[in-house]
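Asker: My structure is below; once you've seen it, I'll send some questions.
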Amino acid sequence: MAANGEVTQSGNENNHIESFPKENSVNNVDAEFLKEFGLELKDLYRLGLKFYKENVGKALQLSYKDKLKLVAYTQQVSHGKFNPDKLPPLGVLDVIGKDRRLAWQSLGDMSEADAMINFLDLLVSLCSLFKPFIAAHVQDIREKERKLKEDIEKKREAEEQKRLLEEARVREEEEKIKQEQQR
């Protein structure tokens, strides 16, 4: 490990982190996947991150390397390209922190969108429960929107009914006044 918390890759095989795809390798998370659920990439990523945080260690059993990859993608999305100058130094015994930084560093100049897509792609390939989670969330959103539209429509109809009753009442009063004036 270099001075000032800088992470360098050494020849030691214990420190070797698999290289990540630097291009947009959209296998499972493609345009159809985004269209299927009708969500924007950022919204889908937020849901994926929520799913990951809630289920890691429970329904989602991941290998150490897979966890490193997911953490690296989230760091790339949150902070951009790895820059050791912006990070606090690592402790001498912080092996996990070192591995995480190496994984993040291996992403290079990957864009935020590519990191999101690769995060989602890896999550889809690792956990079969992710797609049903997204589908349930989207269905919940659509149900809430439908109920909101129904409530708005009912309110509009009630207001229209109230307006019609008020107009009828005003006409009746005007007719009564005309009849009284004619007498």
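Asker: Val71: net charge of surrounding residues, Cβ under 12 Å, Lys/Arg +1, Asp/Glu -1, itself excluded?
Answerer: Here the charged neighbours net out to +4.
Asker: What are the ³J(HN,Hα) couplings of the range 111-128, residue after residue, when phi is run through the Karplus curve with 6.51, -1.76, 1.60 and θ = phi - 60°? Round to Hz, x for glycine and proline.
Answerer: Using θ = phi - 60°, the values come out as 6, 4, 5, 5, 5, 4, 5, 5, 4, 5, 4, 5, 5, 5, 6, 8, 9, 6 Hz.
Asker: While we're looking at this one, here's another question. Quick one: what does P(r) look like for the range 35-183 with 5 Å bins over all Cα pairs, in whole %?
Answerer: 1, 8, 13, 13, 11, 9, 7, 5, 5, 4, 4, 4, 3, 3, 3, 3, 2, 1, 1, 0, 0, 0
Asker: Filter the GluC sites (Glu not before Pro) in the range 33-81 to those in DSSP coil with at most 12 other Cβ atoms within 10 Å of their Cβ, and list the result.
Answerer: Glu40
Asker: List, in order, the whole-Hz ³J(HN,Hα) value for each residue of the range 57-73 obtained from phi through the Karplus relation with A = 6.51, B = -1.76, C = 1.60 and θ = phi - 60°; use x for Gly and Pro.
Answerer: Rounded to whole hertz, the list is x, 10, 6, 10, 9, 10, 6, 4, 5, 5, 4, 4, 4, 4, 5, 4, 5.
Asker: Residue farthest toward the positive end of the dipole of the range 130-183, with Cβ of Lys/Arg at +1 and Asp/Glu at -1: which of Gln182, Ala168, Ala158?
Answerer: Farthest towards the positive pole: Ala158.
Asker: Please get the size of the charge dipole for the range 33-183, origin at its Cα centre, with Cβ charges of +1 on Lys and Arg and -1 on Asp and Glu, quoted in debye to the nearest 20.
Answerer: Dipole about the Cα centre, nearest 20: 580 debye.
Asker: While we're looking at this one, here's another question. If the cut-off is a Cα-Cα distance under 25 Å, which lysines reach Lys176, setting aside same-chain residues fewer than 8 apart in sequence?
Answerer: Lys162
Asker: Ok, one more. Taking the Cβ of Lys154 as the centre, find all other residues whose Cβ is under 13 Å away and add up their charges (Lys, Arg: +1; Asp, Glu: -1).
Answerer: Neighbour charge sum, excluding Lys154 itself: 0.
Asker: If the cut-off is 29 Å between C-alpha atoms, which lysines fall inside it for Lys67, apart from same-chain ones fewer than 8 positions away?
Answerer: Lys22, Lys35, Lys42, Lys50, Lys53, Lys58, Lys81, Lys86, Lys98, Lys131
Asker: Calculate, in whole percent, how much of the Cα-Cα pair population of the range 134-174 lies beyond 14 Å.
Answerer: Cα-Cα pairs of the range 134-174 separated by over 14 Å account for 64 percent.
Asker: Follow-up question, since we're still on this one. Let me spell out the model: positive unit charges on the Cβ of Lys and Arg, negative unit charges on the Cβ of Asp and Glu, origin at the Cα centre of the range 130-183. What dipole size does that give, in debye rounded to 20?
Answerer: The dipole magnitude comes to about 280 debye.
Read-outs throughout are calculated quantities, based only on the coordinates presented, and are distinct from any laboratory measurement. Only a predicted model underlies this, so the values are computations on that prediction, with no experimental measurement involved. Methodologically, a virtual Cβ is constructed for each residue, glycine included, from the backbone with ideal geometry; neighbour enumeration extends over all protein chains shown.
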